[in-house]
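Some notes on the structure that comes next.
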Amino acid sequence: MVKTDCRHYKGNIPCLPHKKFGVHCNSCSYYERTDQKILIIKLGAIGDVIRTTPLLRKIKNNLSYAQIFWLTYTPEILPNNWIDKKLLVSLENIELLKNIEFDWLINLDKDPIAISLANAVCAKKKSGFTIDEFGNVKPFGTKPEIDKWMTGLFDDLNKLNSKHYIQEIFEICDFEFSGEEYIIEIPTKKLNFEINHSKKVIGLNTGCGERWISRLWPEEHWIQLSKILFENKFEVVLLGGEQEHEKNLGIQKQSGVKYFGYFSLDNFITLIDECDIIVTAVTMAMHLTIALKKKLVLFNNIFNKNEFFLYDRGIILEPNLDCNCFFSPTCENNCMQYLKPDTVFKGIKNL
C-alpha cells in the first residue's frame, strides 16, 4: 500500500521517513495526510517573493492539510518547512503544472508566463490575474483583483491607494490581514564579520538596482551620513552588491566606516542580521530587513508610501520636493538630493 496523499510522498524516490527510519506506508507513524493542492505563482524579484510569504501563514492556519506548490525564479529564498514543492520556472515544471488538477491557483504576477499559466492550469478556484484575448493582463473578477489591476494601470488611482501590498494580496485571497510577518530562513553557515556589537550597528545599503535609478541617494550624502554616524559613536557597515562595490570603497575611504565587500545571498542575509537598523531605498534589502525584524529607515520618492508595511519597526523618509517622477525609472530633478543627511540621522536616532 502506498499513501500518495502523504505530505512526504515523492513519487519517484524514497520519502524522508523511509530513508531515515526504513518505514513503509502501511506501518508509518510519520504519515501526514493532505486533502488539497494549492499553487502560488509569484515569479518576480527576490524582494517581491519575500513580501508575499505572509500569505503562507494564513494558508497554513486556515488550510492546514493543503499541499502547497510555489513557482518562482528564486526558489532558494522560499522557506522549506512552509512549502511542499518549490519549483523553479522551467519548461519541465510548467508542463508538470499543466498536468495537475489544483484546488486553488493563486497568481499574483502579471508577466506573460504567469498569466498564461494561470489560464492554462486546471484549478477549481482561481485568484489573482490571468490573460485576456489580446494577450494582456486581466483580473479574474473580484473587487480586490480589479482594484489591484486598476492601480497598476493609472497613476492617479495608484496615488490614492491607501492599502499596503500585503493587505491587497490577502484581500485577493479572501483573507483578513492580522499582522502576519514575512517568513525567511536565516542561513546556518555564517561568516564572521568584525563588528562591534557594543555599539548600535547601522547598515547603509547604498544601491537601488539598475531599473529604478531615480531612487538613488547621492553618493556625497552617503559619505556625509557615514561621517555623522561615525562621529556619534555608531558602528556603521556599508551594504550593497557588485554594482555598488566601487562606490562603497569610496565611501569607506572618505568616512572611515566598515565595508566587508559584496556577498552571496546567504551571506548578505547574515550581514543584515548583524545590524540593528538598516537605511535603504526600496530594494531587496528592505524586504530582508523586514523579514529579519530589524528596524528600518526607508527612502522613497517614486512609489506610493502606503504600499509598504513596516510592522511598526521603521519610518519612511521622502525628499522635501514635490516631484513628478512617480513610477519613473529616472528623475530629471534628481529629487533624492533634497532628502538631507541630517534628516536621515534624526530618523535613525528616533528609531
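When only residues in the stretch 38-52 that are in contact with a Phe, Trp or Tyr (Cβ under 7 Å, 6 or more places away or on another chain) and of a type in the set (Val, Ile, Thr) count, which is surrounded by the most Cβ atoms within 10 Å (Cβ to Cβ)?
Once the filter is applied, the top-ranked residue is Ile40.
Just for the stretch 286-309: of the residues that are aliphatic (A, V, I, L, M) and under 19 Å from Phe345 (Cα atoms), which one is farthest from the chain's Cα centre (by Cα)?
Val297
Checking the condition within 30 Å of Cys208 (Cβ to Cβ) and surrounded by 18 or more Cβ atoms within 10 Å (Cβ to Cβ), which residue from Leu78, Leu105, Leu88, Leu97 passes?
The match here is Leu78.
Answer with yes or no whether Lys159 is in a helix (DSSP H, G or I), under 23 Å from Pro54 (Cα atoms) and basic (Lys, Arg).
Judged against the criteria, Lys159 is not a match.
For the stretch 266-289, indicate whether the set of residues that are assigned to a loop (DSSP other than H, G, I, E, B), assigned by TED's automatic domain parsing to the domain that holds Ile223, of a type in the set (Phe, Trp, Tyr) and surrounded by fewer than 22 Cβ atoms within 10 Å (Cβ to Cβ) is non-empty.
no
Under 7 Å by Cβ, and 6 or more places apart or on different chains, what pairs join a residue from the stretch 31-58 that is closer than 24 Å to Ser90 by Cα with one that is part of a strand (DSSP E or B) and of a type in the set (Ser, Thr, Tyr)?
Cβ pairs passing all conditions: Lys42/Thr72; Leu43/Thr72; Val49/Thr72.
Based on this model, can you work out whether Ile195 counts as within 20 Å of the chain's Cα centre (by Cα) and not assigned by TED's automatic domain parsing to the domain that holds Gln337?
In short, no.
Mind checking which residues of the stretch 181-208 are surrounded by 17 or more Cβ atoms within 10 Å (Cβ to Cβ), part of a loop (DSSP other than H, G, I, E, B) and of a type outside the set (A, V, I, L, M, F, W, C)?
Of everything in the stretch 181-208, those that are surrounded by 17 or more Cβ atoms within 10 Å (Cβ to Cβ), part of a loop (DSSP other than H, G, I, E, B) and of a type outside the set (A, V, I, L, M, F, W, C) turn out to be Tyr182, Lys200, Thr206, Gly207.
State yes or no: is Lys293 surrounded by fewer than 19 Cβ atoms within 10 Å (Cβ to Cβ), more than 21 Å from Ile213 (Cα to Cα), assigned by TED's automatic domain parsing to the domain that holds Phe234 and modelled with pLDDT of 95 or more?
yes
For the stretch 225-249, which residues satisfy the criterion of being over 27 Å from the mean Cα position of the chain (by Cα) and either outside any helix (DSSP H, G or I) or more than 25 Å from Gln337 (Cα to Cα) (or both)?
Asn232, Lys233, Phe234
Can you tell me which residue is surrounded by the fewest Cβ atoms within 10 Å (Cβ to Cβ) among those in the stretch 115-129 that are farther than 28 Å from Asp5 by Cβ and under 22 Å from the mean Cα position of the chain (by Cα)?
Looking at the filtered set, the residue picked out is Ile115.
Does Asp132 fit the bill of being surrounded by fewer than 15 Cβ atoms within 10 Å (Cβ to Cβ), touching a residue at least 40 places away in the same chain (Cβ under 8 Å) and not small (Gly, Ala, Ser)?
Taking the combined requirement at face value, the residue does not satisfy it.
Does the stretch 328-348 include one or more residues that are within 21 Å of the chain's Cα centre (by Cα) and either of a type outside the set (Ser, Thr, Tyr) or surrounded by 18 or more Cβ atoms within 10 Å (Cβ to Cβ) (or both)?
Among the residues of the stretch 328-348, at least one is within 21 Å of the chain's Cα centre (by Cα) and either of a type outside the set (Ser, Thr, Tyr) or surrounded by 18 or more Cβ atoms within 10 Å (Cβ to Cβ) (or both), which makes the answer yes.
Could you tell me whether the stretch 253-270 includes any residue that is charged (D, E, K, R) and within 15 Å of the chain's Cα centre (by Cα)?
Yes: the stretch 253-270 contains one or more residues that are charged (D, E, K, R) and within 15 Å of the chain's Cα centre (by Cα).
I need the full set of residues from the stretch 60-75 which are within 22 Å of Ser178 (Cβ to Cβ) and either assigned to a loop (DSSP other than H, G, I, E, B) or touching a residue at least 60 places away in the same chain (Cβ under 8 Å) (or both), in order please.
Asn62, Leu63, Ser64, Tyr65
Just checking, does the stretch 250-264 include any residue being in contact with a Pro (Cβ under 7 Å, 6 or more places away or on another chain) and part of a helix (DSSP H, G or I)?
no
The values are calculated or read from the model by the stated rules, or taken from the named source; none is laboratory data. What you see is a predicted model, and the numbers here were worked out from it, not measured in a lab. Glycine gets a Cβ as well: all are built from the backbone with ideal geometry, and neighbour counts include every protein chain shown.
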